[in-house]
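Notes follow once the structure below has been shown.
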Ligand code: AMP
Ligand code: MG
């Protein structure tokens with residue numbers, strides 16, 4: 001048995017970032033940029049109005065008040081998307097809409113709320129009363145105030161956010177270069193398994209692990225490929241495991257323990273290479289890691305929670321590294337244990353828990369349900385894994401413990 005940290009190091013030592021790929025800008029959401037993004041335009045591309053109102057010369061409005069408004073002649077009406085037809089001279093104003101280009105001669109916008117149109121329709125030919133003085137530059141959005149031509153807007157290594165997608169669209173980037181998502185093959189093993197659409201016969205259960213794993217792969221930003229169920233014999237298992245080289249990563253569940261029909265390790269050693277077999281943890285001590293061809297292979301245990309915890313600790317950081325992320329591990333919260341917990345001293349425990357923050361800002365954590373690794377309900381209710389270190393066997397209520405936050409992404413403070 002090797003300690004958890006050593007197993008994680010051994011796994012990650014072999015994982016490399018995948019090649020960059022050009023993808024449609026929307027598909028880049030959540031991905032790591034592989035190249036800097038340089039703008040070839042100014043954003044905003046021209047000086048424009050930040051308000052619906054009147055474009056005018058600030059000097060004309062000196063001393064204006066509601067009681068003694070300044071009256072200006074309206075010379076133009078500029079809609080968003082249109083170009084001004086008139087220059088604004090002294091004593092003049094142009095009706096202007098938000099986003100419309102500021103006309104020559106004008107140096108300020110007055111909001112329509114601070115004006116009174118004197119010809120009922122407020123358009124060209126009438127006059128407008130300005131009820132308060134404007135300062136130069138009021139409500140004018142300047143060309144290039146967001147992005148300047150030639151500027152590096154986003155750098156390689158940054159994660160594309162929804163705002164980033166919008167920014168890329170504003171720059172006209174239809175495609176962008178990111179580190180691609182790994183294709184992850186998922187194999188379930190077990191004579192007892194039937195597909196979820198089937199009614200399990202005597203002694204049979206539905207294959208739930210392929211689904212929880214596919215969901216975890218997707219949540220981690222990988223692309224899941226469910227290859228199906230291998231029966232508990234070498235030929236069947238070999239047939240599916242030998243497809244590993246077609247994928248960036250392969251996960252299997254079940255068949256790695258001490259059972260008479262646990263053949264995954266034998267097959268791995270036959271068609272690939274095994275790095276380690278047992279990790280000093282619960283749930284999920286028996287699990288195997290290695291390579292088939294050059295594809296990393298994770299033989300996770302079969303119990304539904306064990307397989308998910310194994311994914312969380314070993315596969316998820318690997319997928320993130322492949323995707324170009326540098327932060328690979330979930331945030332952790334220190335919390336006060338809400339109940340006594342006993343464990344075996346030679347293993348690290350990852351108990352399913354719910355951590356909450358009280359109004360004073362103190363975090364406490366309690367178990368989210370029965371801790372059998374065969375049960376999924378406590379895992380479903382959990383927002384953290386309570387990490388209880390090797391060495392001790394009793395953790396009393398009130399002890400401070402470390403919670404791995406399943407509800408938070410890397411980089412969240
Ligand atoms: P194993 O590791 O193959 O000995 O399986 C351990 C336990 O997990 C057994 O009770 C299996 O029936 C169960 N199990 C294995 N694979 C799956 C699966 N894909 N979906 C649901 N349960 C499974
Ligand atoms: Mg089995």
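The values are calculated or read from the model by the stated rules, or taken from the named source; none is laboratory data. In this text, all values refer to a predicted model and were calculated from it rather than measured experimentally. In this analysis, Cβ positions are derived from the backbone assuming ideal geometry, glycine residues included, and neighbour counts consider all displayed protein chains.
Just to confirm my filter: which strands (runs of 3 or more DSSP E) fall fully inside the stretch 69-159 and include at least 3 residues that are in the same structural domain as residue 39 (by TED's automatic domain parsing)?
Working: elements: 70-78, 92-96, 108-111, 115-117, 127-130, 152-154.
Output list reads 152-154.
Out of everything in the stretch 293-306 that is surrounded by fewer than 22 Cβ atoms within 10 Å (Cβ to Cβ) and more than 13 Å from ligand 1 (Cβ to nearest atom), what residue ends up being nearest to residue 213 (Cα to Cα)?
295
Every residue in the stretch 237-266 that is away from ligand 2 (no atom under 12 Å from the Cβ) and part of a helix (DSSP H, G or I), please. Please lay out each step first, then the result.
So the first thing to find is which residues in the stretch 237-266 are away from ligand 2 (no atom under 12 Å from the Cβ), and the list is 238-251, 265-266.
Hits for the stretch 237-266 are 238, 239, 240, 241, 244, 245, 246, 265, 266.
Looking at the stretch 219-273 only, could you name the residues that are within 15 Å of ligand 1 (Cβ to nearest atom), surrounded by fewer than 23 Cβ atoms within 10 Å (Cβ to Cβ) and in contact (Cβ under 8 Å) with a residue 60 or more places away in the chain?
Matches in the stretch 219-273: 261 only.
Under 6 Å between Cβ atoms, at least 6 apart or on separate chains: pull out the pairs that start in the stretch 303-314 with a residue that is free of Cβ contacts under 8 Å to residues at least 60 places away in the same chain and end on any residue that is within 16 Å of ligand 2 (Cβ to nearest atom).
310/284; 310/287; 310/300
Based on what the data block shows, is residue 169 assigned to a strand (DSSP E or B) and under 30 Å from residue 55 (Cα atoms)?
Values: assigned to a strand (DSSP E or B): no; under 30 Å from residue 55 (Cα atoms): yes.
No: the conditions fail for residue 169.
Given the residues 42, 36, which is the only one that is surrounded by fewer than 16 Cβ atoms within 10 Å (Cβ to Cβ) and in contact (Cβ under 8 Å) with a residue 12 or more places away in the chain? Can you show your working first?
Values: 42 fails: surrounded by fewer than 16 Cβ atoms within 10 Å (Cβ to Cβ).
Being surrounded by fewer than 16 Cβ atoms within 10 Å (Cβ to Cβ) and in contact (Cβ under 8 Å) with a residue 12 or more places away in the chain holds for just one of 42, 36, which is 36.
Somewhere in the stretch 189-208, is a residue more than 13 Å from ligand 1 (Cβ to nearest atom), in contact with a strand residue (DSSP E or B) (Cβ under 8 Å, 6 or more places away or on another chain), part of a strand (DSSP E or B) and more than 16 Å from residue 302 (Cβ to Cβ)?
no
Sort out for me the strands (runs of 3 or more DSSP E) sitting completely within the stretch 323-393 that have 2 or more residues that are away from ligand 1 (no atom under 16 Å from the Cβ) and either in the same structural domain as residue 159 (by TED's automatic domain parsing) or in contact (Cβ under 8 Å) with a residue 40 or more places away in the chain (or both).
Qualifying strands (runs of 3 or more DSSP E): 332-337, 348-357, 384-388.
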